[in-house]
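Written out below as structure tokens is the structure these notes cover.
The values are calculated or read from the model by the stated rules, or taken from the named source; none is laboratory data. All of these numbers come straight from a predicted model, not from anything done at the bench. No Cβ is skipped: glycine too gets one built from the backbone with ideal geometry, and neighbour counts run over all protein chains shown.
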Amino acid sequence: MRPLMFAALAAAGLALSACETAPKVSALNEPTYEQAQNNAFNTANYNAVSELMKRFPVAPAVSSNNFNTGADAPFIVATLVNIDQLEQSSTLGRLISEQVASRMSQLGYGVLELKVRNGVYMKRNEGELLLTREIKEVASTHNAQAVIVGTYAESSTMVYVNLKVVNPSTSVILAAYDYALPLDKQIHSLIRKR
């Protein structure tokens, strides 16, 4: 009986050691640091900013409305909003606006960080929403040359994003760029997350 017990214990030990060395299923699906570094989401947003700014005209130093529109004047980046509910955004809208501001700064443009400024309309859980009636006042207060605004719209397979550079004194669109993101699990979680 002793050899039979020994064999059973040995078999159990082998089974347990096999469980310890088998990779966990969830670990197989996790992205690597290299994949995170080369994330297509970041690249799409950065490329969109580069394309948007290629379309932005060089402006005179001061407009007729006393807005500083020279190359050294800063930009304001508003939170991207849901095109069907213009007073609502999501993690996706806030993240894209953060990446737009980052890319603008990397390209050498001045960008005001509104989250450290007082007196800017901040709606809880939405970010720096700038409605039409507020653009002129905020831009004037902060001496901005332009405001970057945007929307996103969700379809069954894509999220369509629109970015615009708007003259704050006239509300005239100075440049625009449209692009699409795949509605994959990552993007879907950013739209739904609250």
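So that you can scan it fast, the table gives a plain yes or no per residue for (1) under 30 Å from residue 183 (Cβ atoms); (2) modelled with pLDDT of 85 or more; (3) exposed (fewer than 10 other Cβ atoms within 10 Å of the Cβ):
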{"position": "13", "(1), (2), (3)": "no, no, no"}
{"position": "32", "(1), (2), (3)": "yes, yes, yes"}
{"position": "45", "(1), (2), (3)": "yes, yes, no"}
{"position": "51", "(1), (2), (3)": "yes, yes, no"}
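Restricted to segment 147-188, and to residues that are in contact (Cβ under 8 Å) with a residue 40 or more places away in the chain and surrounded by fewer than 14 Cβ atoms within 10 Å (Cβ to Cβ), which residue is farthest from residue 73 (Cα to Cα)?
Among those residues, the one meeting the criterion is 153.
Can you find, within segment 86-117, the residue that is modelled with the lowest pLDDT among those that are buried (at least 20 other Cβ atoms within 10 Å of the Cβ) and of a type in the set (Ser, Thr, Tyr)?
89
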